[in-house]
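The values are calculated or read from the model by the stated rules, or taken from the named source; none is laboratory data. The model shown is predicted, which means the values in this text are computed figures rather than measured ones. Every residue, glycine among them, receives a Cβ derived from its backbone with ideal geometry; neighbour counts consider all protein chains shown. The accessibility values were calculated without ligands, DNA or RNA, using every heavy atom of the protein model including side chains. Shrake-Rupley method; radii C 1.70, N 1.55, O 1.52, S 1.80 Å.
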Amino acid sequence: MNANTTIELTQFLFEMTTKSEREWLENKTKTNVLDLMTAFVAAPRFLSKKNISYDDKVKGNLIPHLPGYQVDGWSLVHLARVWLLLQIPQDPKEDCIKNIETLFDTAELNELVALYSALPLLPYPWEWLSRATDAVRSNMGFVFDAISLLNPYPELYFPESAWNQLVLKTIFNRKPIHLIYGLDRRKNKELAISISDFIDERFAAGRKIPPQILRLLTPFSNEEHSSTLIRMFASEESGEKEAAALVCFESKEPKLRSLLANHPELELSIQNGELDWSKLESIP
Amino acid sequence: MCQNPNEPKKNPSHFESIEHSEDTPTHRDLLWEDYENLIQGMRFFDPHIHMVSRTTDDYQMMAKAGIVAIIEPAFWVGQPRTGLSSFKDYYSSLVGWERFRSSQFGIKHYCTMGLNSREANNERLAEEVMEILPLFAFKEGVVGIGEIGFDDQTVLEEKYYRLQLELAKKAKLPVQIHTPHRDKKRGTERSMSIAIEHGLDPSWVVVDHNNEETVKSVLDQGFWAAFTIYPFTKMGNERMVSVVEKYGPERIMINSSADWGISDPLAIPKTAALMMQRGIPKDVIRMVTYQNAIDAFAKSGQIDVKDFDLEFSPDPNAKFHGNSVLRGGQQPVINKNSLFIQ
Ligand SMILES: [Zn+2]
């Protein structure tokens with residue numbers, strides 16, 4: 001977190017508030033930290049319930065050092081809460097951490113969402129790692145989403161095992177993995193193994209396969225995957241066929257590449273740029 | 001509350017008056033088929049129920065019976081908490097997990113926050129709880145400070161009752177008063193006079209667990225009078241019908257206070273059915289089983305009845321809109337009659 005972030009965010013927030021809302025927010029920064037924390041909690045009682053709106057130029061450029069950080073779909077309260085968190089004094093470190101921990105410990109659902117979405121902006125980002133990995137285990141959908149989807153924190157700070165858990169749980173929860181920030185950048189071999197096991201299990205259970213997940217196999221696909229891919233080509237689901245074709249197309253394995261020869265129409269549409277992974281993205 | 005563990009037959013509810021537990025329950029004998037038609041299309045609001053000690057089956061039955069919203073007051077979980085963390089976790093469950101669980105069945109969940117009278121007697125812990133209580137009192141969906149008041153009517157109970165009345169004023173929240181089982185009449189009067197002494201408007205105060213002895217004074221002084229329909233206790237719902245016949249529906253509301261005791265989360269729909277049978281007009285029933293509770297607690301600014309109308313769908317895809325976070329993680333309602341477990 002740097003000073004610029006606060007300035008950018010303050011300007012952005014105040015553009016959306018009424019005069020009295022702005023005054024309420026500003027007053028809270030002038031008192032003690034307990035008032036600030038209570039304001040974080042009480043925000044919905046003093047701010048309008050509207051969703052924030054902004055033009056596409058700002059989208060993804062709101063925080064200069066975190067390109068892509070999104071506030072899409074946020075409410076004014078959500079944004080104000082993140083802003084209030086950034087007003088908590090950062091020194092001394094122990095106090096800052098204790099105060100934010102207290103907010104986590106006492107938070108309800110919407111507050112948790114605000115807290116987790118603020119993680120990449122908060123000071124001392126490593127201090128929140130165990131909370132963040134715990135949130136991935138949450139069985140409350142909103143909490144899980146707040147850490148897992150459209151949040152740069154996991155990509156930046158999660159160790160590989162926690163990252164892989166996040167991706168797998170997103171798949172299990174039937175949520176769109178392409179909303180995971182940094183998905184392609186953090187592909188890894190271990191994850192590819194888990195994905196291929198998962199696909200085998202789904203086959204065995206006679207269940208459908210979310211075709212998107214095959215993107216996680218590349219570039220780790222190998223000969224062992226050929227039987228899985230052959231089965232997917234034989235599927236009645238067009239998405240499964242298309243995903244199999246994309247894996248083969250991206251593979252460096254001659255054996256996998258050769259599977260595509262039986263499906264020239266798919267190969268052609270990939271070559272023409274008509275078929276890519278984004279065509280398989282669905283929400284959810 | 002288990003006053004006397006040697007009397008297992010007595011019902012251990014926090015409402016119960018052990019000395020008067022010989023009443024025959026009436027509404028518990030009603031089967032869904034018996035009253036389903038009587039309450040068809042009616043909607044109910046239970047302003048006092050402890051879902052933290054109820055099962056998911058209860059939620060399903062409640063939704064089916066027309067309960068669209070509930071208030072869960074913070075109270076006694078049956079054994080004393082030993083540290084601040086247990087309070088934090090309990091309060092968090094009221095605004096977090098329990099609200100989420102309720103939403104899975106299309107029931108809007110609110111709560112009231114407070115330090116209960118029994119635990120007010122542990123001064124060291126009570127002090128700590130009072131420090132974090134504001135962080136909970138101001139939360140979304142917190143519709144009051146409750147349930148607070150007296151149990152043994154000790155000095156410490158009075159101290160924390162007064163402090164919490166002040167918090168209610170500061171947070172602009174209604175107050176939900178738990179009246180004691182022993183020495184009820186005096187405890188009720190004392191609760192009301194202290195509330196007035198602190199400058200609370202009686203129309204912001206719900207006095208709970210009334211009976212025939214207390215109702216008149218509560219209404220005369222301008223407070224809301226809530227009645228708990230709890231099996232084996234003094235207030236069965238046949239007598240509830242008589243109270244409504246005698247005092248009318250003004251400022252009277254009914255709740256189940258269902259908790260970890262032998263209690264009935266369907267007490268309200270069953271009582272409504274009984275009232276229908278006895279020929280009480282439908283608009284009167286609606287007031288005491290729905291509207292009055294809303295009017296009393298909506299002063300918190302936290303109740304929007306439009307929320308009750310939101311189309312409930314267990315389909316996790318249905319609520320996704322735009323680019324906002326997914327309203328996911330929702331579990332479909334399982335068909336229990338199906339032989340197949342999918
Ligand atoms: Zn209670």
Any idea what the relative contact order of chain A is, in percent, if you count C-alpha pairs under 8 Å spaced at least 6 apart?
-> 11 percent
Normalised per residue, the volume of the convex hull around the Cα set of the stretch B:104-207 (Å³) | 113 Å³
Kindly provide the helix-only [θ] at 222 nm of chain A, computed as the sum of -39,500 (n - 2.57) over DSSP H runs of four or more divided by all residues, to the nearest 500 deg cm²/dmol?
-> -16500 deg cm²/dmol
Taking amide hydrogens as modeled 1.01 Å from N in the peptide plane, which residues meet the under 5 Å criterion relative to B:Leu30, leaving out close sequence neighbours?
-> none
Give A:Lys49/B:Lys88; B:Lys139/B:Lys172; A:Lys187/A:Lys252; A:Lys93/B:Lys88; A:Lys93/B:Lys139 a once-over and call out the pairs whose C-alpha atoms are over 20 Å from each other.
-> A:Lys49/B:Lys88; A:Lys93/B:Lys88; A:Lys93/B:Lys139
May I ask you to give the average projected area over all directions of the convex hull of the Cα atoms of the protein assembly as shown, in nm² rounded to one decimal?
-> 31.9 nm²
To the nearest 10 degrees, how steeply does helix A:93-106 sit against the main Cα axis of chain A, on a 0 to 90 scale?
-> 70 degrees
Note down the nm distance, to one decimal, between modelled labels 7 Å out along Cα→Cβ at B:Glu123 and at A:His65.
-> 5.0 nm
Within the stretch B:66-84, find all residues whose amide N lies under 17 Å from a label point positioned 7 Å from the Cα of B:Met130 along Cα-to-beta-carbon.
-> B:84
Check B:Ile254: other-chain or 5+ apart residues with amide H under 5 Å from its amide H, H built from backbone geometry?
-> B:Phe227
Lysines whose Cα lies under 26 Å from that of B:Lys246, excluding same-chain neighbours fewer than 8 positions away = B:Lys184, B:Lys185, B:Lys216, B:Lys234, B:Lys270, B:Lys282
Express in % the proportion of alpha carbon pairs of the stretch B:182-247 at distances exceeding 17 Å.
-> 39 percent
Label-point separation (nm) for B:Glu33 and A:Ile7, each offset 7 Å from Cα along Cα-to-Cβ?
-> 7.5 nm
Rg [Å, one decimal], Dmax [Å, integer] - chain A, C-alpha atoms = 22.3, 71
Ranking A:Tyr54, B:Tyr59 from most to least accessible area with a 1.4 Å probe gives A:Tyr54, B:Tyr59
Expressed in angstrom, Rg and Dmax over the Cα atoms of the stretch B:245-309 are 13.1, 35
Pair A:Lys98, A:Lys49: separation of 7 Å Cα→Cβ label points (nm) = 3.7 nm
If ligands, DNA and RNA are left out, what is the accessible area of B:Trp260 with a 1.4 Å probe, given in Å² to the nearest 10?
-> 80 Å²
Of the GluC sites (Glu not before Pro) in the stretch A:204-246, those whose Cβ has at most 14 other Cβ within 10 Å and which sit in DSSP loop = A:Glu236, A:Glu237
